Amino acid sequence: MNTRRLLTAITAALALVLAPAAAAVADRGDGHGGASPVLRHTTLGPVLGIDDHRGSGTYSWLGIPYAEPPVDDLRWRATVPHSPWRSVLDADEYGDGCAQPGRFFSPSPDGPHYDLEVRDGLGKPVGEEDCLTLNVFRPSTAAKHLPVIVFVHGGSNVVGYAADPMYDGRALAEAAGAVVVTVNYRLGLFGWFDGVREDTGDPLTDSGNFGLLDQIEALRFVDDNARAFGGDPRNVTIMGESAGAVNVWALMVAPEAQGLFDKAIPMSGGLSTATVASAHAYAENLASAAATEAGLSGPEAGAPLLDAMSADELVALALRHRLDATPAVIADGTVIPADPYAALGDGSLRDVPVLAGNTMEEGKLFGSAIGAHRPTDYERFTMQYEFDPDAPTDWTAEDFLVDRYLPVDAPGGWNEASDQLTELVFMGIAENSMNALQDSGNRNVYYYQFAWNNEPEPFDDVYGAVHAMDLPFVFGNFGQSVFSYAFSEANAPGRLALSGQMIGAVRQFIRTGSPQSWTLPVRWAQWPASVVFDADDHRARITTGEFG
């Protein structure tokens with residue numbers, strides 16, 4: 001029996017032994033002495049979640065630890081499954097976001113949530129190193145054998161957190177009739193680090209792909225425990241957006257992930273990897289920076305200093321030396337094949353249905369990369385957070401964009417410049433990934449384009465169908481978030497209808513391998529054909545198109 005199966009057998013046996021203790025608190029959920037519908041027994045131990053059947057129509061379990069905290073001796077080591085717990089775990093609060101440099105999509109400095117204080121963490125260390133938790137959402141019914149969606153958040157593999165309100169899985173779980181799982185994983189220099197120490201002899205640790213190994217361990221937890229939450233471990237869809245989509249494509253070719261998923265929904269990303277040489281060079285540069293600040297010289301002198309630093313000190317070091325953009329995912333030859341595109345096209349994935357997509361104006365999220373924004377990030381975050389989409393203002397695109405990119409529709413203006421960013425960063429890897437998969441014999445490759453740009457002025461010009469704008473529509477979440485400036489009462493009928501169509505496509509895909517819903521007014525053909533999702537203020541507008 002291999003080590004993984006042995007651990008699973010041991011934890012399952014412990015769960016049986018601990019069941020009587022868990023039963024003693026089974027009435028904590030309903031107050032009537034009966035078994036609580038949110039008390040579930042996992043292979044790691046019993047968990048007590050949140051019963052919101054009268055509100056959202058869902059049950060939720062938040063902050064379940066699926067791996068040992070990657071701290072102290074476990075920093076920069078392959079993921080270790082969490083040890084079992086004896087007493088009932090109260091799974092009613094999100095776990096901390098992972099340690100990261102504060103950006104727009106980072107958690108607040110005061111915890112794993114979104115509020116105005118996010119701006120106070122911009123450019124500073126936020127999150128915690130002890131962060132490997134996941135969240136589970138499902139309809140508040142007795143249904144079993146539900147399809148499972150495991151969502152991997154984006155953020156350049158440097159930032160992000162599963163507690164972002166856009167990723168609240170309740171609406172999607174209820175509307176899609178699915179178990180939805182959202183995952184925290186190590187980020188940045190903690191998640192992707194080919195260090196300068198001697199090889200450990202463990203190929204997984206030496207790969208440097210710690211963030212991806214975390215995601216694989218989360219998939220193993222789902223495989224072991226889907227039935228405990230009413231899910232079907234034989235019908236698991238991995239879904240991710242941006243860097244999360246890059247990770248989904250990586251999971252598709254990762255040998256350690258094989259057999260842990262059945263379908264994939266990569267949103268705004270493709271198969272993209274870093275070389276071992278670039279990852280090693282990054283680690284040397286970070287170690288050299290630590291050595292320089294200590295009056296020493298060279299990566300060998302700096303490596304022990306990195307080990308001794310706290311998470312905040314490491315992030316601050318990276319920020320001071322502009323080393324916060326970490327190479328990821330590393331094509332190390334073990335966790336990720338040395339030739340990942342060959343693995344994608346070798347035919348082994350011909351039976352894995354894929355639903356991929358892009359927003360039409362991806363590049364408009366990345367104005368800072370080309371100096372397009374007039375306000376500072378702090379000012380821009382504040383303006384967008386405090387904007388009332390139902391109260392007209394006299395703001396124009398000039399309040400957000402520098403003169404060089406105005407007018408937005410002029411030659412060389414913001415529309416043209418952002419289109420170039422969209423093409424450069426997103427479209428090439430999307431096309432290459434889907435072509436490789438289809439050429440391998442896969443006849444279930446579908447593609448969508450998200451065109452909704454119906455925000456109040458001036459955001460329709462500044463952002464439009466921007467990168468990640470499709471996420472609130474797929475999750476059905478239009479409350480306070482990075483994008484809440486976009487959602488007005490006037491555009492509610494159309495966007496809600498559009499969200500319903502997109503969730504309907506997901507519901508069909510995770511069950512049948514095809515997103516063709518009976519409510520769609522068009523036929524969804526194979527890649528490179530696409531379905532274009534759009535809406536005006538009053539109704540959804542679904543059309544067909546082609547890639548590009």
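Where a number appears in this text, it was derived from the coordinates with a stated rule and is not lab data. Bear in mind the structure is a predicted one, so any value in this text is a computation, not a measurement. Please note: Cβ atoms are built from the backbone with ideal geometry, for glycine as well, and neighbour counts cover all protein chains shown.
What to note about this one:
- Computed log10 I(q)/I(0) for the chain at 0.06, 0.10, 0.12 Å⁻¹: -0.28, -0.82, -1.20, from the Debye equation with unit scatterers placed on every C-alpha and solvent omitted.
- Counting only Cβ charges, +1 for Lys and Arg and -1 for Asp and Glu, the dipole size of the stretch 345-546 around its Cα centre is about 1160 debye.
- Hits among lysines - C-alpha to C-alpha of K364 under 27 Å, sequence gap 8 or more where chains match: K124
- Of the two radii for the stretch 345-546, the radius of gyration is 1.00 times the Kirkwood radius, both from the alpha carbons; that is the Rg over Rh value.
- Cβ charges +1 (Lys, Arg) and -1 (Asp, Glu), total dipole of the chain, debye: 2080
- When the Cα positions of I336, A290, V246 are compared along the charge dipole of the stretch 209-339, V246 comes out farthest toward the positive end, with charges on each C-beta of Lys, Arg, Asp and Glu.
- Using distinct alpha-carbon pairs, which all enter the 1/r mean, Kirkwood radius of the stretch 227-294 in Å: 14.5
- Axial C-alpha extent at least 27 Å, average Kyte-Doolittle at least -0.5 - helices from the chain (DSSP): 3-23, 492-512
- Rg/Rh (Cα only; Kirkwood hydrodynamic radius) as it applies to the stretch 3-267: 0.96
- Cβ-Cβ distance of W518 and A143, R₀ of 35 Å, FRET efficiency by 1/(1 + (r/R0)^6): the value works out to about 0.95.
- Once divided by 2.2 N^0.38 Å, the Cα radius of gyration of the stretch 98-200 becomes 1.25.
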